[in-house]
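Before any comments, here is the structure.
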Amino acid sequence: MTGARPRVDGPAKVTGAARYAAEWRAADLRHAALVTSPVPAATITAVDTSAAERVPGVVAVFTHHNAPRLRPPVGAPYGGRLPLQDNRVHYEGEPVAVVVAERLEQAREAVGLVRLDYAPLSAETDFRAVADTAVPTPPARWGPADTTVGDLAAGIAEADVVLRAEYSTAARHHSPIETSATQAEWRDGVLTLRDATQGVFNVHAVVSSALDLPADRVRVLAEYTGGGFGSKGYVWPHQVIAAMLARELGGALRLVLTRAQSFTSHGYQPPTRQRLVLAATAEGRFTAIRHDSLSPTSTYGEYVEMTANGSRVAYACPAITTTHRVAPVATVLPTPMRAPHEGPGMFALEVAVDEVACELGIDPLELRLRNHAEVDPTSGKPFSTKGLLACYAEGARRFGWADRPRATGSLREGDQLIGWGMATAVMATMRFPAAARARLHADGRVVVEAGCQEIGTGTYTIMPQLAAEVLGCPPEQVVLRLGDTALPRTGMTAGSSTTLSVGSAVTAAAEALAARLALLATGDPTAAVRLDGIELTVKNGAVEVFRLDELFARLGVDSVAAGGSWEPRENQRSMHTFGAVFAEVAVDVDLPVPRVRRLVAVYSAGRIVNPLTARGQMTGGLVWGIGQALLEKSTTDHRLGRFVDKNLAGYRLPVNADVPDLDVAFVEEYDPHASGIGARGIGELGSVGVAPAIANAVHHATGKRVRSLPIALEDLL
Ligand code: MOS
């Protein structure tokens with residue numbers, strides 16, 4: 001049965017037995033190191049690699065002069081320009097040369113000796129400065145750029161209160177513990193990549209097409225990925241470089257991004273500027289919502305942070321207009337980062353709702369209840385399942401919200417101003433087709449195979465639980481093999497989609513295996529089977545017990561396998577996850593550093609397969625939300641066109657001292673529409689709604705309304 005199972009990969013990870021991409025050894029392993037552009041836009045006018053080539057151990061130095069030619073990659077999102085193909089630079093940090101050496105130290109030394117002359121070109125890195133170049137975007141994978149329902153002007157005209165405000169969120173970087181890394185081996189005409197990725201099939205598609213290799217000559221493996229948060233979802237130049245140079249030189253080659261390079265060699269969460277109009281009647285009924293979003297993209301490609309997506313569905317309202325515009329700047333392409341879209345977007349909407357509540361003198365939770373959406377207000381579709389009202393009620397109960405005094409600054413403890421705030425969390429449910437295979441061996445072992453990834457969310461733990469539930473055996477009897485393009489195909493591990501998508505396929509495979517066992521044992525595939533160790537109990541009228549070794553010997557087989565798959569079909573429902581987040585902050589009256597004292601969050605996300613890993617996901621999300629609210633910000637020096645703090649000292653992340661007691665709960669729920677197992681997605685939902693709950697609590701404590709993240713001490717002086 002499913003339940004609170006601890007992470008099965010935990011011991012391997014903490015003892016170092018888990019091997020990551022950059023930890024695979026090969027006798028002929030060489031090391032690659034990137035030379036990156038120090039300027040955001042330029043033409044490279046001269047190249048001198050002679051000094052670098054003289055460093056002992058250096059095997060080769062590649063620039064656009066001598067790098068192998070590549071084809072434009074197809075089949076999966078690629079976030080870079082094709083590396084080393086021309087003399088142009090489009091962002092600071094773009095790879096412009098690569099050194100390959102016998103040892104990493106030699107490669108790093110030679111990197112400093114590569115001489116490149118740049119003729120700088122004018123470059124803008126501030127998206128606000130080029131706002132007038134912003135363009136509507138074509139329908140992206142996350143929905144249309146613009147939507148309109150109802151009559152906005154009429155809704156504003158009939159309102160008693162109209163809030164017009166601008167909100168902004170900062171550029172942020174993913175900073176997983178494992179920086180991106182690729183180990184590429186070219187042997188006998190076959191390219192094998194061990195990659196730190198959230199999508200082995202993405203890497204496979206990009207690399208095989210860029211290198212013009214037949215699909216069956218490329219294999220991508222990722223047994224463990226040390227965090228991703230979106231940074232390893234798209235494919236980036238370093239993966240193509242490692243693959244291209246392994247083929248060029250033969251043998252094995254390792255390329256690991258430095259921490260500084262992880263701020264420029266893959267995407268980041270773009271900063272956003274969001275303009276909100278929120279109109280309401282005196283009774284607190286919303287009559288119009290307008291949400292206009294602006295964010296940067298790169299000069300060479302398009303990524304749209306869909307911050308207004310949440311405003312399309314969050315509240316019942318007769319008139320909702322949303323727009324998204326992107327302005328090109330000279331940076332690497334922005335990319336999804338944990339809770340993309342709704343993460344930055346619900347900050348604006350949920351602070352706006354709090355502002356209107358204050359203006360109307362209505363309790364912020366009560367205002368949300370009065371505008372609760374029973375159906376998706378933009379599409380008109382019913383929600384698959386939605387337990388948000390229960391989230392509000394349970395969250396308020398756990399938090400003690402009923403005792404909240406209305407007036408700001410009224411909850412004082414000595415020198416500490418205490419504030420209580422709350423916000424709604426909404427996140428679109430992403431789903432991908434998936435396939436899986438389940439094989440039962442004569443000794444009772446069940447091996448489930450699916451080519452997905454374990455990025456630290458519990459995939460290795462949960463999938464065996466789901467298969468075991470079908471087969472009736474303990475989860476310890478089942479192991480999952482994953483992270484391999486030779487295994488059944490799945491989507492990438494992103495968009496909180498893995499449990500619902502791959503889990504549905506694993507369940508289907510286990511059901512197919514059960515039917516096959518029933519057929520083999522009794523001739524009737526519909527007979528009920530239950531596996532326990534090497535005992536197979538089959539109930540078909542009478543109950544029969546088989547020993548697997550005897551049954552398989554009689555059948556003349558070593559093992560029995562079956563496949564299953566799942567793909568999203570239902571589209572008559574609006575599929576979202578929901579939550580209610582409550583925050584208590586304390587702000588010192590003299591030195592107003594905002595501190596989070598407690599968070600309570602209750603979620604509606606369909607069936608929860610494993611409450612332990614689910615809680616881990618949500619508490620992780622809450623910590624992300626604390627970072628978004630109070631700490632995380634990548635500052636760009638627009639004169640130099642570069643991020644300033646490319647390290648984990650300058651880029652501030654929450655540490656244990658920043659994280660208070662976190663109280664997480666889920667509403668009991670089964671979603672029959674979203675997946676084959678009743679689940680929607682959970683992980684990213686945890687980072688939605690936290691920052692606005694904290695910002696609203698800061699307002700309640702201090703009376704200061706901060707519309708820009710992160711909230712800094714100087715905002716509260
Ligand atoms: Mo997530 S930003 O979809 O890894």
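The values are calculated or read from the model by the stated rules, or taken from the named source; none is laboratory data. Quick caveat, the model's predicted, so the values are computed rather than measured. Here Cβ is always computed from backbone atoms with ideal geometry, including for glycine, and neighbour counts include all displayed protein chains.
Observations, loosely collected:
- Among residues of segment 514-532 being of a type in the set (D, E, K, R) and in contact (Cβ under 8 Å) with a residue 24 or more places away in the chain, the one that is surrounded by the most Cβ atoms within 10 Å (Cβ to Cβ) is 516.
- Residues satisfying the stated conditions in segment 151-173, i.e. crowded, with 17+ Cβ neighbours inside 10 Å, in a loop (DSSP other than H, G, I, E, B) and more than 18 Å from the chain's Cα centre (by Cα): 159
- Out of 69, 128, 81, 108, sole residue that is basic (Lys, Arg) and not in a loop (DSSP other than H, G, I, E, B): 108
- No other residue among 686, 681, 676 is in a loop (DSSP other than H, G, I, E, B) and buried (at least 24 other Cβ atoms within 10 Å of the Cβ) apart from 681.
- In segment 403-460, of all residues being within 16 Å of the ligand (Cβ to nearest atom) and closer than 25 Å to residue 512 by Cβ, the one that is farthest from the chain's Cα centre (by Cα) corresponds to 434.
- Beta carbons closer than 7 Å, at least 6 apart along the sequence or on distinct chains, pair a first residue in segment 7-35 that is of a type in the set (Phe, Trp, Tyr) with a second that is at pLDDT 95 or above and not in a strand (DSSP E or B) for 20/178; 20/196; 20/224; 20/226.
- Exactly one residue out of 511, 544, 535 is acidic (Asp, Glu), surrounded by 13 or more Cβ atoms within 10 Å (Cβ to Cβ), closer than 25 Å to residue 678 by Cα and away from the ligand (no atom under 16 Å from the Cβ), and it is 511.
- Selected residue [surrounded by fewer than 24 Cβ atoms within 10 Å (Cβ to Cβ) and hydroxyl-bearing (Ser, Thr, Tyr)] from 424, 461, 490: 461
- Any hit, segment 209-218, residues being of a type outside the set (S, T, N, Q), within 15 Å of the ligand (Cβ to nearest atom), part of a loop (DSSP other than H, G, I, E, B) and on the phi > 0 side of the Ramachandran plot: no
- Residue that is surrounded by the fewest Cβ atoms within 10 Å (Cβ to Cβ), among those in segment 332-362 that are within 16 Å of the ligand (Cβ to nearest atom) and charged (D, E, K, R): 338
- Residue satisfying all of: in segment 391-418; of a type in the set (Asp, Glu) and surrounded by fewer than 18 Cβ atoms within 10 Å (Cβ to Cβ); nearest to residue 693 (Cα to Cα) among these: 403
- Qualifying positions in segment 230-267 - within 16 Å of the ligand (Cβ to nearest atom) and either among the small types (Gly, Ala, Ser) or surrounded by fewer than 24 Cβ atoms within 10 Å (Cβ to Cβ) (or both): 230, 231, 233, 262, 267
The rows are residues; the columns are (1) away from the ligand (no atom under 16 Å from the Cβ); (2) among the small types (Gly, Ala, Ser); (3) part of a strand (DSSP E or B); (4) touching a Ser or Thr at 6+ places or on another chain (Cβ under 8 Å).
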residue: 175; (1), (2), (3), (4): no, yes, no, yes
residue: 178; (1), (2), (3), (4): no, no, no, yes
residue: 193; (1), (2), (3), (4): yes, no, yes, yes
residue: 206; (1), (2), (3), (4): yes, no, no, no
residue: 225; (1), (2), (3), (4): no, no, no, yes
residue: 228; (1), (2), (3), (4): no, yes, no, yes
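- Qualifying residue in segment 315-327 (condition: free of Cβ contacts under 8 Å to residues at least 60 places away in the same chain and of a type outside the set (Val, Ile, Thr)): no
- Scanning segment 303-317 for any residue that is crowded, with 19+ Cβ neighbours inside 10 Å, part of a helix (DSSP H, G or I), of a type in the set (Asp, Glu) and under 27 Å from the mean Cα position of the chain (by Cα) turns up nothing.
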